[in-house]
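For reference, the structure discussed in these notes is given below.
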Amino acid sequence: MSDRPILSVRDARVGFNTARGTVRAVDGVSFDLGAGRTLGIVGESGSGKSVLVRSLIGLVSTTTGVEVEGQVLFEGGDIRKLAPAEFRGLLGRDIGIVFQDPMTSLNPVMKIGRQIGEGLRLNRGFDRSAADRRSVELLAEVGIPEPERRAGQYPHEMSGGMRQRVAIAIAIACAPKLLIADEPTTALDVTVQRQILDLLQREQRQRGMSMILITHDLGVAASRADDIMVMYAGRAVETAPTREIFRTPRMPYTEALLRSLPRLSDRTHTRLTAIPGRPPDLARRTGGCAFAPRCSYRTERCDGEQPALIREDGHGFACFHPLAARMTGAA
Amino acid sequence: MSASAAKPVVAGAPVAGRKFRLRWSLVLPLGWLLLVVVLAITADWIGLPDPAAQELILRRKPPSAQFLLGTDNLGRDMLSRVIYGARTSLIVGICAPFLGFLIGGAIGMSAGYFRGKVDLLAVGFIDILLAFPALVLALTFTAYLGQSLFNVTLALGILSIPAAARVSRANTLAWANRDFVLAARTIGASNWRILTREILPNLLPPMFAFWLVAISVIIVAEGALSFLGLGIPAPQPSWGGMIADGREALDVAPHTALIPAAVMFITVLSLNFVGDIVRNMVDPRRSAL
């Protein structure tokens, strides 16, 4: 990546102060996102992927008892140092977000045309009629039939897939440079998932946007992301170009995740390998690798010392016992 | 009908609304309320005798052709007084909770949305307000500010602040964590815009249902104040005041107390019926919304 990254995150940390102590939901994550590229953030529930991304754009700092640290550079500028009004402007114009559940991400009492046009009127100086016209165009662009009629409807008159299309239309309305998709297909039927992912990918390519795709589905990330960052217990444990991570995972956790997926090339009735145990309680973290208790390569060192993310040829991994760089006999 | 099977299904056509049955429990209360409201508004133009005109020879007359609801202790026409009294009761009953809901709603929304210190202050204020016995507080207000329609409305309005604040705070808490509020923030909406455009419209249905119930509570409260002699001042008729006047002659002319009492009772009952139905309609657990 020679060109300057559009988004650059350094040592992001998010802690929630709870009665049981501070929960380190995100614990020192750094990454870069190049212009026009897609980063897939993969991890199981509670690994901190959503919190990480939401904290970057100031969506978790409003509740009490939250500590957010770290540096977030958007096109070179530190967005955490902006005045509230400037920050809102940046968020409105340059960053779009698609949330997981289209049932809750749309306002039930506002017509969808108005919801799409809201950002245009706030950030791009559209008047009401221009915003309405643009909303209809956007609805057509995201593949909603009869956009004029649909613009006058309320969210409850649409199916889940259509609502997610509307949510995408809202996110791309102001022509953002970065699109964040937070598990955009998790709440949808399997048949609709693919359509939504196709739509996201098409929009991203046509508009040259960068995209962060959060998912717990490795299959989704594999086909849509240029780079993948695997998160576990609030830390980035492996980061590499997509091809590389699927061919030669270095971190045992990633390898275990891949083994737990069914493959078409497997013989029928092959048993999937589940990862034993469960993710650690983030309020009771001690030193050492968070994955150690579930890891088959674990040694004493893993319990006492936290492995740092080290890089080899653009492939980063946090492990004392990385798997071989090239799997032998994988021809 | 067999023909219905052949009816073409138009894709995306508005779905026929959930079957709305005409129930007597809705029609009767609504009809009564409509009657009361219309009479109260048109009282000046429907040829009623002056509600303050006394005819001492004809005092405490039972209902007759001349006086449809009889006359009271001072020979005033009961029908006219009940209708003009409805005007008083409705003005207080509608305006007082409206005032309380404006103030209480704003307090509750800020508390539920901003949380933290704002919440602490607001909840503290509301708890203090609740700590006073309601009637005593209202009596104190009207005793010190003086008896007038405005002061009674103000006093009862302040009394309805805590309930309104609690309802709006609870609903705001529920809505403020929805993703569409986050989404609004991501398109650069300010707090003010989020509160007024995203959250407020969602609060209106439950607040409206609660307001209907509050009206009936306030009508009774106004009656209680008037009954105790600290409500609307004398010549202006109000239901509570009429009951208080009629109480003196309960043994010789029971209608002077029972008629206004019955009217108030039916009105409050109707409001509660309608309020219940509206609440069920907006209750997300019951409706398909």
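The values are calculated or read from the model by the stated rules, or taken from the named source; none is laboratory data. Given the structure is predicted, the values throughout are model-derived calculations rather than measurements. Glycine also receives a Cβ, built like all others from the backbone with ideal geometry; neighbour counts cover every protein chain displayed.
Given the structure, is A:ALA171 buried (at least 24 other Cβ atoms within 10 Å of the Cβ) and either within 14 Å of another protein chain (Cβ to nearest Cβ) or assigned to a helix (DSSP H, G or I) (or both)? The answer is yes for A:ALA171. Can you find a residue in segment B:183-193 that is within 14 Å of another protein chain (Cβ to nearest Cβ), touching a residue at least 60 places away in the same chain (Cβ under 8 Å) and either more than 30 Å from A:GLY96 (Cα to Cα) or part of a helix (DSSP H, G or I) (or both)? Within segment B:183-193 (the criterion being within 14 Å of another protein chain (Cβ to nearest Cβ), touching a residue at least 60 places away in the same chain (Cβ under 8 Å) and either more than 30 Å from A:GLY96 (Cα to Cα) or part of a helix (DSSP H, G or I) (or both)), the answer is yes, since at least one residue qualifies. Against the numbered list (1) away from chain A (no Cβ under 12 Å); (2) in a helix (DSSP H, G or I), B:GLN147 comes up short only at (2). Among the residues of segment A:174-191, not one is in a helix (DSSP H, G or I) and in contact with a Ser or Thr (Cβ under 7 Å, 6 or more places away or on another chain). Scanning segment A:176-193 for residues that are surrounded by fewer than 21 Cβ atoms within 10 Å (Cβ to Cβ), modelled with pLDDT under 90, over 15 Å from A:ALA221 (Cβ atoms) and away from chain B (no Cβ under 11 Å) yields A:ASP189, A:VAL190, A:THR191, A:VAL192. Residues in segment A:202-221 that are in a helix (DSSP H, G or I) and either in contact with a helix residue (DSSP H, G or I) (Cβ under 6 Å, 6 or more places away or on another chain) or closer than 20 Å to A:LEU261 by Cα (or both) were compared, and the one that is modelled with the highest pLDDT is A:GLU203.
Taking the options A:LEU82, A:LEU91, A:LEU122, name whichever one is modelled with pLDDT under 90, over 22 Å from the mean Cα position of the chain (by Cα) and within 7 Å of chain B (Cβ to nearest Cβ). Give the steps one after another, and end with the answer.
On the way: A:LEU82 fails: within 7 Å of chain B (Cβ to nearest Cβ); A:LEU91 fails: over 22 Å from the mean Cα position of the chain (by Cα).
None of the other options fit; the residue is A:LEU122.
For segment A:9-27, taking the residues that are touching a residue at least 40 places away in the same chain (Cβ under 8 Å) and out of contact with any Gly (no Cβ under 8 Å at 6 or more places or on another chain), the one that is surrounded by the fewest Cβ atoms within 10 Å (Cβ to Cβ) is identified as A:ARG20. Screening B:GLY146 with (1) without any contact (Cβ under 8 Å) to a residue 12 or more places away in the chain; (2) buried (at least 17 other Cβ atoms within 10 Å of the Cβ); (3) out of contact with any Leu (no Cβ under 8 Å at 6 or more places or on another chain) gives one miss only, at (2).
Please enumerate the residues belonging to segment B:111-143 that are hydroxyl-bearing (Ser, Thr, Tyr) and either in contact (Cβ under 8 Å) with a residue 40 or more places away in the chain or not in a helix (DSSP H, G or I) (or both). If you could, list the steps in order and put the result at the bottom.
Within segment B:111-143, the first condition is being hydroxyl-bearing (Ser, Thr, Tyr), and the residues that meet it are B:113, B:140, B:142.
Listed by number, the residues that qualify are B:TYR113, B:THR142.
Only one of A:GLU141, A:GLU157, A:GLU203 is within 14 Å of chain B (Cβ to nearest Cβ) and surrounded by fewer than 23 Cβ atoms within 10 Å (Cβ to Cβ); which?
Working: A:GLU141 fails: within 14 Å of chain B (Cβ to nearest Cβ); A:GLU203 fails: within 14 Å of chain B (Cβ to nearest Cβ).
Criteria check complete, one pass: A:GLU157.
For segment B:67-83, a tally of residues being under 13 Å from B:GLN54 (Cβ atoms) and at pLDDT 85 or above returns 2.
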